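Asker: The structure's right below; bear with me while I get my questions together.
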Amino acid sequence: MGRKAYWIIIGLFIFLFSFGCFIAPAYASGLRVTFIIGQPTYWVNEQTFSMDAVPFLSSGRSFVPLRYLAYALNVAPGNISWDGATGIVTLKTTIDSAYFEIRLGVHNKYLSVIKRVQSGEAQVVTSVSLPMDVAPLLLKGRVYLPARYVAEALGYKVTWEEEGQKVIITANQDITPGETDKSQLLTSYRGTQAFKKSYLWDYRGTQYQWQIIVPASLREYNKNLEKFLEEWNTLTSYERATLLESLPSSTKEFLLSVLQAPAGDFRPWVKEQMNYTYTNNLALELHRQAAKEGYNRFYKAEFILSFVQSLPYIYTPLPRLPATTILEGGDCKSKSILLAGFLKALGYQVALLEFPPEEFGNNIGHEAVGIAFDTRELPTRESLFYFEYQGQRYYYAETTTPGWRLGEMPELLQNKVVVVYSLE
């Protein structure tokens, strides 16, 4: 099997993008698309087109009909699809030999952009997942969204003119068509800086690179939580009570659940709300890539495991929250927390597997992940190791270093006692 290079770029960055008859190619220089609030027409250069919906203002944002925005940006009618069951709109278009697929859901604040480019014998796949500060709206059978989210994803420049209340989309002369402005990729909404990290790994003869962007605000949030836990035992009762009362309810709940959990039970770290929301989105992108490879449910999980294994192994006394592990690496407990969060977000039944320190004669122990499967989903491998808990078999997943397949377990651990912490 020949090697293919797939590039997956997933970012949590919050831009202002804003978002509807079919026209000539949209990337001609001098392109100008205009939508006017309250007007049932839009303009592409000097040509006028009618709409059966009108742009409007809501909470200080200008919403335009998505379908007509898509037409204006050269998306053919047959390449716009609506799934009423899930509320997802999919747009497909080709720009300068690059294929684009954009997905967004009603009442969902995430926009997914997949770009495919053939580069010699390799296919380069870029998948960008963007949180939005507003969700698309479904009104009278039409989906509306601020135009910036779709237009800038395809390389356009979007501006708002207060006089005349116009949304104007133009070709961005500063960047290559089909690319987003690189200066924006490291900045999240309202100027908050973000961090970028790249990982390269192999799975089943295919090479993958994942470039992940994490907002500085999330990183700082994690550092504060970890600092609180490190310093907790040095605080007085009054200082502890004051600290807890000053925190949002979800953060307070996380800290208390960590402090009350038995040693080795890291389930609260998996469920921490801010990080779980972030890793949920990343997990969906990894799952989509695995699905495009044709992997079944077992190998999808193993594909995600192979990514987690590629993160640097770094021992820390306390676990790390998932976004921190992605940026800085982590040890068995931190990487297991990340993998468990990924798989739980995708609907897998998972458990954390603790091998207590006394089993090794030290004060460290070991942590891994167990993943439940129907027997019909299992490959015909010998010696798939699992632990049975409450009638369910959890197949062993080793996260520390690359190369461990799902169901393989280090010989050192095979006769050790394990404590199973189910995430169900």
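The values are calculated or read from the model by the stated rules, or taken from the named source; none is laboratory data. Please read these numbers as outputs of a predicted model, since none were measured by experiment. Virtual Cβ from ideal backbone geometry, glycine too; neighbours counted across all protein chains shown. Keep in mind that these areas ignore ligands, DNA and RNA; they rest on the heavy atoms of the full protein, side chains included. Shrake-Rupley method; radii C 1.70, N 1.55, O 1.52, S 1.80 Å.
Asker: So which residues in the range 38-79 are crowded, with 17+ Cβ neighbours inside 10 Å and either among the β-branched types (Val, Ile, Thr) or assigned to a helix (DSSP H, G or I) (or both)?
Answerer: VAL44, VAL54, VAL64, LEU66, ARG67, TYR68, LEU69, ALA70, TYR71, ALA72, VAL75
Asker: Go through the residues of the range 378-395 one by one and say whether even a single one is open to solvent by 50 Å² or more (accessible area, probe 1.4 Å), under 20 Å from ILE304 (Cα atoms) and part of a strand (DSSP E or B).
Answerer: Checked the range 378-395: at least one residue is open to solvent by 50 Å² or more (accessible area, probe 1.4 Å), under 20 Å from ILE304 (Cα atoms) and part of a strand (DSSP E or B).
Asker: Please verify whether the range 178-191 includes one or more residues that are at pLDDT 85 or above and open to solvent by less than 20 Å² (accessible area, probe 1.4 Å).
Answerer: Looking through the range 178-191, none of the residues is at pLDDT 85 or above and open to solvent by less than 20 Å² (accessible area, probe 1.4 Å).
Asker: Let me ask something additional. For the range 300-339: of the residues being buried (at least 20 other Cβ atoms within 10 Å of the Cβ) and of a type in the set (Phe, Trp, Tyr), which is nearest to the chain's Cα centre (by Cα)?
Answerer: PHE307
Asker: Which one of these does ALA263 not meet: (1) at pLDDT below 85; (2) closer than 30 Å to ASN74 by Cα?
Answerer: Answer for ALA263: the failing condition is (2).
Asker: Condition test on LYS344, is it part of a helix (DSSP H, G or I), open to solvent by less than 30 Å² (accessible area, probe 1.4 Å), touching a Leu at 6+ places or on another chain (Cβ under 8 Å) and closer than 23 Å to TYR395 by Cα? Show your work before the answer.
Answerer: Working: part of a helix (DSSP H, G or I): yes; open to solvent by less than 30 Å² (accessible area, probe 1.4 Å): no; touching a Leu at 6+ places or on another chain (Cβ under 8 Å): yes; closer than 23 Å to TYR395 by Cα: yes.
Judged against the criteria, LYS344 is not a match.
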